Each structure stands twice: as C-alpha cells, then as structure tokens.
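Throughout, read-outs are computed from the coordinates displayed, never taken from laboratory work. Values in this document were obtained by computation on a predicted structure and should not be read as measured data. Note: ideal-geometry Cβ built from the backbone for every residue, glycine included; neighbour counts use all protein chains shown.
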Amino acid sequence: MDKTYKTPTTEVPCAGEPVATYGQTARVNRTVFNEAQIELLNVMASIQNDDELMALKHAISEFFARRADEELERLWQSGEWSEQTLHDLQNTHYRTPYKR
C-alpha cells in the first residue's frame with residue numbers, strides 16, 4: 001500500500017497575520033523553528049511515498065543511535081562508566097510509581 005504524499009496547496013496565512021473568522025479578526029500564534037527543524041521540514045516536503053518515509057525514519061534512527069554510541073564510548077573512555085555502572089543499571093528500576 002504505497003501512498004503518494006502531496007504538499008498541501010491550501011493557502012495558510014503567515015504567522016501573526018490577522019485571520020478572518022466569521023467577521024472577527026484573530027491572531028495566529030507564531031511558531032519559531034530553529035535551522036535543524038526547518039531543514040527537516042524541507043526534507044519531509046519532498047517525501048513521495050511510504051518507502052521514502054521509511055528510509056528517512058531509518059536514517060534519523062541511525063543518526064541518533066550513532067550519537068548514543070559515541071556518548072557511551074566517551075563515558076567509558078573517561079572512566080565515568082565502568083563494568084560496575086553497567087551492573088548497577090542492570091538492577092535499577094526507573095519506572096514511574098503510580099499511586100493506587
């Protein structure tokens with residue numbers, strides 16, 4: 001089931017411009033994106049089908065997995081983590097306690 005994704009063609013007022021809503025004027029809240037968010041939005045706008053979407057998700061997952069591996073390696077090399085740290089984590093529970 002390959003879907004074709006299309007960029008919306010509906011015109012939306014720019015953030016901060018007045019919008020007519022049944023004879024009244026309203027203000028649109030402005031959302032500020034950083035450079036990384038804008039870049040990702042531009043990339044996502046070019047997605048054409050499910051396969052491309054899955055490939056993008058995989059690439060993003062690989063990026064964050066690589067960053068996690070690099071950070072773990074840094075912690076291990078600096079001595080902040082050791083075999084004992086791993087053993088301690090193995091027996092630690094971080095679940096949120098819920099009241100009954």
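Quick one: what are the phi-derived ³J(HN,Hα) couplings along region 71-78, Karplus 6.51/-1.76/1.60 with θ = phi - 60°, whole Hz, x for glycine and proline?
For region 71-78, the Karplus-derived couplings read 5, 4, 5, 4, 4, 5, 5, 7 Hz, x marking Gly and Pro.
Over every pair of different alpha-carbon atoms in region 47-96, take the mean of 1/r and invert it; report that Kirkwood radius in Å.
Kirkwood radius, region 47-96: 13.5 Å.
I'd like to compare 58-66, 87-95: which one has the highest average count of other Cβ atoms within 10 Å, and what's the full order after that?
Highest to lowest by the protection proxy: 58-66, 87-95.
Can you list the residues, at least 5 places off or on another chain, whose amide H is less than 5 Å from the amide H of residue 81, using H built in the peptide plane?
76
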